[in-house]
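Okay, so here's the structure we're looking at.
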Amino acid sequence: MKYIITTLAAFIVLFSAGFAHAADPFTVSDVPVDATGSSPIEAQTLATRDGQARAANILLNRLTVESERLAKGTTPISEDNAQKMIRAMEIDNEKRSSTRYLGDITVAFNPSAVQAYLRQVNLTMISSQSRDRLVLPLSNGQIDTLSPWFQAWEKSGAEHALTPIRALSVSQAETLPVAAGAISAMDAGALNQIGALYNVQQLLIADDLGGAVRVTDIALDSGQRQNFTVNGGPSVVIDKLETEWKSAAVSVAANAVEMPISILYDNHSEWLRLKDAINDSAQIQDARIDALSKDGALMTITYGGDINRLRNELSFKGVDIREDPKMGVVLGRTGRF
């Protein structure tokens, strides 16, 4: 995860606020485990070791690019190597007998150990997260909290993705202040009301049509949206979003260039929103403060080299970037210029 870097000691608190994301990308949640053994202890040991290895390989797929894994013939992480990277584990829904053990495990991995392993197998680690989304799971345009589709999102662990996605609880879905029809119709007022209620600026509307899922990814602050259709469960939607995010990050690493920019804002809250957009950008690898005032800042950013791609990504976050004949490249909230 990148941070805005500053040498201005008086503003350390200002610049360190607001960087946290919804959840740790080094955590893999709700991995089902099931094994039998000659004793309860052996069954539990076999189940958890297998689950830990599967969690490690889920993390491997999350933090690396598939094409690079295939090109380098990457093999799955073994049970022994997985154990070396674990920093904590929780177990839920335990069931046991004299010979069988079942449960769901959530495994938190040590970032330094994971990075060391990926260096050893010569893979690039991508751990920077986008801003979080709230998913609104519909079934043929309706919210059905008893549907497998709604329940799959509750159990998806998507809050740990590189593109974090928060799922509604049953109680939240049943008390939404807007009708499902307004969500399905993409009513701007209804969507903004939901965003304000749950303090998010991005919604993922995923409508299961009984064979295909129609997805709209919409930024409330800019109005920009992306539409796509997939076949499969939440993991397919998450994979698509993460793949695009990682592709942008790889582009930055391969073609990064430095560029001075001016940031314009009217107040502290607006600055924080702009700062978050910069930190959450897949195209911006590093950002350094060179000067600061109450209504603007001078920065040097390292980005992916494609200004149009950067402009498009920032516009999705409610931020405009333009060329000014006197100031050079200028960044501010959408509608300011």
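Return the pairs, sorted by first residue and then second, in which the second residue is of a type in the set (Val, Ile, Thr) and not in a loop (DSSP other than H, G, I, E, B), the first residue lies in region 113-126 and is in contact (Cβ under 8 Å) with a residue 12 or more places away in the chain, the beta carbons are less than 9 Å apart, and the residues are 6+ apart or on different chains.
Listed by first residue and then by second, the contacts come to Ala113/Ile86; Thr124/Val250; Met125/Val114; Ile126/Val250.
In region 37-70, how many are without any contact (Cβ under 8 Å) to a residue 40 or more places away in the chain and closer than 19 Å to Ala248 by Cβ?
Qualifying residue count for the region: 2.
Would you kindly identify the strands (runs of 3 or more DSSP E) lying entirely within region 232-324 that contain at least 3 residues that are in contact (Cβ under 8 Å) with a residue 60 or more places away in the chain and either assigned by TED's automatic domain parsing to the domain that holds Leu204 or out of contact with any helix residue (DSSP H, G or I) (no Cβ under 6 Å at 6 or more places or on another chain) (or both)? Give the derivation first.
Values: elements: 257-264, 284-292, 296-303, 319-324.
Ranges flagged: 257-264, 284-292.
Of the residues that make up region 290-309, is at least one hydrophobic (A, V, I, L, M, F, W, C), modelled with pLDDT of 90 or more, crowded, with 19+ Cβ neighbours inside 10 Å and over 24 Å from the mean Cα position of the chain (by Cα)?
yes
Is region 233-250 home to any residue that is farther than 17 Å from Thr163 by Cα, of a type in the set (S, T, N, Q) and surrounded by 13 or more Cβ atoms within 10 Å (Cβ to Cβ)? Give the steps one after another, and end with the answer.
To start, the set of residues in region 233-250 that are farther than 17 Å from Thr163 by Cα comprises none.
No, that holds for no residue.
Condition (residue is closer than 28 Å to Val213 by Cβ, free of Cβ contacts under 8 Å to residues at least 60 places away in the same chain and not assigned by TED's automatic domain parsing to the domain that holds Val178) applied to region 86-104: is it met by at least one residue?
If we filter region 86-104 for residues that are closer than 28 Å to Val213 by Cβ, which is where we start, we get 92-93, 104.
Right, trim to free of Cβ contacts under 8 Å to residues at least 60 places away in the same chain and you get 93.
Within this subset, residues satisfying the condition of being not assigned by TED's automatic domain parsing to the domain that holds Val178 are 93.
Within region 86-104, one or more residues are closer than 28 Å to Val213 by Cβ, free of Cβ contacts under 8 Å to residues at least 60 places away in the same chain and not assigned by TED's automatic domain parsing to the domain that holds Val178.
I'd like to verify a number: residues in region 85-117 that are surrounded by 15 or more Cβ atoms within 10 Å (Cβ to Cβ), more than 18 Å from Ala23 (Cα to Cα) and not hydrophobic (A, V, I, L, M, F, W, C), how many?
6
Can you pull out every residue in region 23-63 that is buried (at least 18 other Cβ atoms within 10 Å of the Cβ), more than 21 Å from Gln115 (Cβ to Cβ) and either assigned by TED's automatic domain parsing to the domain that holds Val236 or at pLDDT below 95 (or both)?
Across region 23-63, there are no qualifying residues.
The values are calculated or read from the model by the stated rules, or taken from the named source; none is laboratory data. These numbers come from a predicted model, not from an experiment. Note: ideal-geometry Cβ built from the backbone for every residue, glycine included; neighbour counts use all protein chains shown.
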